[in-house]
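Encoded as structure tokens, the structure appears first; notes follow it.
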Amino acid sequence: MSLRDVVRRAAGTLIHRGWDAIRAAGTVSPANPAGYRFRRLGEGVCIAFPVGAIFGEAWIEIGEHTLVGERVSISAGMGPGVDLGPDPIVRIGGSCSIGRGSHIVGHQSIDIGDHVFTGPYVYITDQNHVYDDPGTPIGRQWPRNNPVSIGAGSWLGTGAIILPGTRIGRQCVVAGGAVVRGVFPDHSVIAGVPARVVREYTPGEGWQSPQLGGAARLPVPESLGVLPGSPESPGTG
């Protein structure tokens, strides 16, 4: 082995060990000062480093043993330093796993149940811009809020988008890339753009297409909107 190879190997080892140390030091948990800003971080919570854009921590609750992946953005409100009142805005249950690069953007109420898992780059928001006035730029029209809830035990696939007013039942599957708006019963498989129930579970009959019977779909809200901006751009939703 040449001297150059020895130096390269030693440098690589130092870099990887240093990066591991930085990641460990940058992780947000109930035991370090960054965790104190949250309304509640349950025992065993880990928000991985590098951390995404996080603000409004005083209105964010995360339950026990939940893992939040790298570069996940979680926000409550339009931007830092805003008083949002006495109640939590974003609630993530216990034993959840939020995939890297995901965004959870709350303004009124986002409630994620226990044991919810997401793939990477999932987007969840309770606010949309409106376009009521055709003469005013959409980004300058006052947005509307509509609470979101995701039932315990559900799985959201990579790149799924959960729009305001959505209520997903327990033990549901949301397909990757689905754009979800509406109300969906427990034990649904939800897919498509716009998303719809493609399979559902009926006791005694098992999993089947909705066209073959089974549980009836609940009504879908009529409100529409355009996708809001990211939490890195306060004021855009």
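Just so you know, all these numbers are worked out from the coordinates, no wet-lab data involved. Computed from a predicted model, the values in this text were never measured in an experiment. Note that we place each Cβ from the backbone using ideal geometry, even for glycine, and neighbour counts take in every protein chain shown.
Key figures for this structure:
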item: Label point distance in nm, Ile138-Ser2, each placed 7 Å from Cα along Cα→Cβ; result: 5.7
item: D_trans [Stokes-Einstein, Kirkwood Rh over alpha-carbon pairs] for the chain, 20 °C, 1.002 mPa s, µm² s⁻¹; result: 112
item: Relative contact order computed over the chain (Cα-Cα under 8 Å; 6+ residues apart), in percent; result: 12
item: Shape category assigned to the range 1-141 from the gyration tensor of Cα positions, a/c cut at 1.5; result: prolate
item: Shape category assigned to the range 73-121 from the gyration tensor of Cα positions, a/c cut at 1.5; result: oblate
item: Percent of beta bridges antiparallel (DSSP, the chain, rounded to nearest 5); result: 20
item: Cα→Cβ-extended label distance, 7 Å offset, between Ala58 and Phe117, nm; result: 3.7
item: Expected 222 nm ellipticity per residue - DSSP helices of 4 or more, -39500 (n - 2.57), all of the chain, to 500; result: -3500 deg cm²/dmol
item: Estimated distance in nm for a label pair at His65 and Thr158, the labels positioned 7 Å out from Cα along Cα-to-Cβ; result: 2.7
item: In range of the label at Arg23: residues from the range 52-84 whose backbone nitrogen is under 11 Å from the point 7 Å along Cα→Cβ; result: 70
item: The range 1-122 - share of DSSP beta bridges that are antiparallel (%, nearest 5); result: 5
